[in-house]
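S.K.: Dropping a structure here in structure tokens format, bear with me for questions.
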Amino acid sequence: PLSCRGGTRSPGGAAGAPGGPAPDLHAGGGGPRLGLLPARPAGAAPDRPPRLLRQLRHLRVLALRGALQRIPAELAEVAGSLVRLEVHNEGARLLVLTGLRRVAGLAELRLQGCRLERLPSALLALAGLRSLDLRRNHLRTLEELLALQHLRRLRSLRLAQNRVLALPASVGVLRGLELLDLSHNQLQSLPPALFTLRRLRRLYLDANLLETLPAEVGALALLAELDLSGNRLDLEETKPKQNLGATLYPPPSEFRPIKHNKAQIDVKHNQ
């Protein structure tokens with residue numbers, strides 16, 4: 001069972017009470033959110049999600065923490081208002097994700113610590129998704145990236161702290177991406193298709209096993225941040241020739257286009 005921790009407040013500052021004005025829990029800027037956590041072992045029985053969610057018709061951000069096995073079907077109760085859903089599963093396997101289809105209006109989705117091994121097919125129902133965060137899972141393959149081309153509004157994709165061995169060429173279909181985080185995986189090479197994502201502004205590839213960097217990286221003219229630290233790149237020929245800071249190196253020829261845009265290029269802790 002799940003219970004609500006923390007209350008909502010009315011405009012006057014008093015804790016909201018049943019029968020009072022509907023709580024308006026909104027996303028962004030550190031605003032209030034509703035967190036659902038495992039029920040306490042002692043004390044009165046807490047509200048269960050179906051009853052609770054029916055009272056929160058204006059809920060915009062919902063965070064679920066615990067050891068969920070499925071995305072609750074009861075999310076349909078707040079489908080009309082929910083814009084961000086977070087599931088922090090603390091390493092327990094999330095088995096059933098079909099409940100995501102009941103909240104097709106989501107703009108942001110975080111599924112962290114859920115032991116996911118593949119990209120869930122239920123993501124395809126989230127046509128308006130702008131930000132997808134699947135950090136701290138067990139992803140090994142990204143073969144399903146091709147299907148994500150239907151998420152035309154997707155701007156941010158975070159896949160850090162997984163076990164990804166290879167990035168498929170199908171990454172090139174995600175043409176709207178502005179942020180891609182593949183740090184702390186096991187990538188040994190990068191497909192040229194990655195560098196066709198011309199809208200990328202932030203690309204995080206730190207803590208992988210990269211030994212070379214394709215020359216096509218120079219095509220990312222809008223890039224503002226490129227993190228290549230903690231890889232196996234041979235940078236002996238690109239040691240600093242001027243005072244650019246301890247972690248910034250003058251780029252080789254393929255870096256020059258993004259260097260002219262004052263991109264932050266981090267290459268510390270390589271060979």
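The values are calculated or read from the model by the stated rules, or taken from the named source; none is laboratory data. Keep in mind it's a predicted model, so treat the numbers as computed, not measured. Don't worry about glycine lacking a Cβ; one is built from the backbone with ideal geometry, like all the others, and counts go over all protein chains shown.
S.K.: Tell me which of these residue 118 doesn't satisfy, since it passes every other one: (1) in contact with a Gly (Cβ under 8 Å, 6 or more places away or on another chain); (2) assigned by TED's automatic domain parsing to the domain that holds residue 89; (3) loosely packed, with under 15 Cβ neighbours inside 10 Å.
M.R.: Of everything listed in (1) in contact with a Gly (Cβ under 8 Å, 6 or more places away or on another chain); (2) assigned by TED's automatic domain parsing to the domain that holds residue 89; (3) loosely packed, with under 15 Cβ neighbours inside 10 Å, residue 118 misses just condition (1).
S.K.: Can I ask one more? So, in the stretch 54-78, exactly how many residues are loosely packed, with under 14 Cβ neighbours inside 10 Å and over 22 Å from residue 138 (Cβ atoms)? Spell out the reasoning first.
M.R.: Pass one, the stretch 54-78, residues loosely packed, with under 14 Cβ neighbours inside 10 Å: 54, 57, 67, 69-70.
Cutting the leftovers down to over 22 Å from residue 138 (Cβ atoms) gives us 54, 57.
Total meeting the criteria: 2.
S.K.: Given the criteria more than 18 Å from residue 135 (Cα to Cα) and at pLDDT 95 or above, does residue 87 qualify?
M.R.: Working: more than 18 Å from residue 135 (Cα to Cα): no; at pLDDT 95 or above: yes.
Judged against the criteria, residue 87 is not a match.
S.K.: Now for a separate question. Of all residues in the stretch 199-256, which are part of a loop (DSSP other than H, G, I, E, B), at pLDDT below 60 and of a type outside the set (Lys, Arg)? Steps first, answer last, please.
M.R.: Pass one, the stretch 199-256, residues part of a loop (DSSP other than H, G, I, E, B): 199-201, 205-214, 220-224, 228-235, 239-247, 249-252.
Narrowing the set further to residues that are at pLDDT below 60 leaves 239-247, 249-252.
Result: 240, 242, 243, 244, 245, 246, 247, 249, 250, 251, 252.
S.K.: Further question on the same structure: Yes or no: residue 179 in the same structural domain as residue 197 (by TED's automatic domain parsing), within 16 Å of residue 200 (Cβ to Cβ) and of a type outside the set (Lys, Arg)? Quick ask: steps written out before the conclusion?
M.R.: On the way: in the same structural domain as residue 197 (by TED's automatic domain parsing): yes; within 16 Å of residue 200 (Cβ to Cβ): yes; of a type outside the set (Lys, Arg): yes.
So residue 179 passes the test.
S.K.: Let me ask another. Return yes or no: is residue 175 surrounded by fewer than 21 Cβ atoms within 10 Å (Cβ to Cβ) and either closer than 17 Å to residue 267 by Cα or touching a Phe, Trp or Tyr at 6+ places or on another chain (Cβ under 8 Å) (or both)?
M.R.: Working: surrounded by fewer than 21 Cβ atoms within 10 Å (Cβ to Cβ): yes; either closer than 17 Å to residue 267 by Cα or touching a Phe, Trp or Tyr at 6+ places or on another chain (Cβ under 8 Å) (or both): no.
Spelling it out, it is not the case that residue 175 is surrounded by fewer than 21 Cβ atoms within 10 Å (Cβ to Cβ) and either closer than 17 Å to residue 267 by Cα or touching a Phe, Trp or Tyr at 6+ places or on another chain (Cβ under 8 Å) (or both).
S.K.: Then there's this: Looking at the structure I just gave you, is residue 213 over 21 Å from the mean Cα position of the chain (by Cα), within 17 Å of residue 268 (Cα to Cα) and surrounded by 15 or more Cβ atoms within 10 Å (Cβ to Cβ)? Please lay out each step first, then the result.
M.R.: On the way: over 21 Å from the mean Cα position of the chain (by Cα): yes; within 17 Å of residue 268 (Cα to Cα): yes; surrounded by 15 or more Cβ atoms within 10 Å (Cβ to Cβ): yes.
Judged against the criteria, residue 213 is a match.
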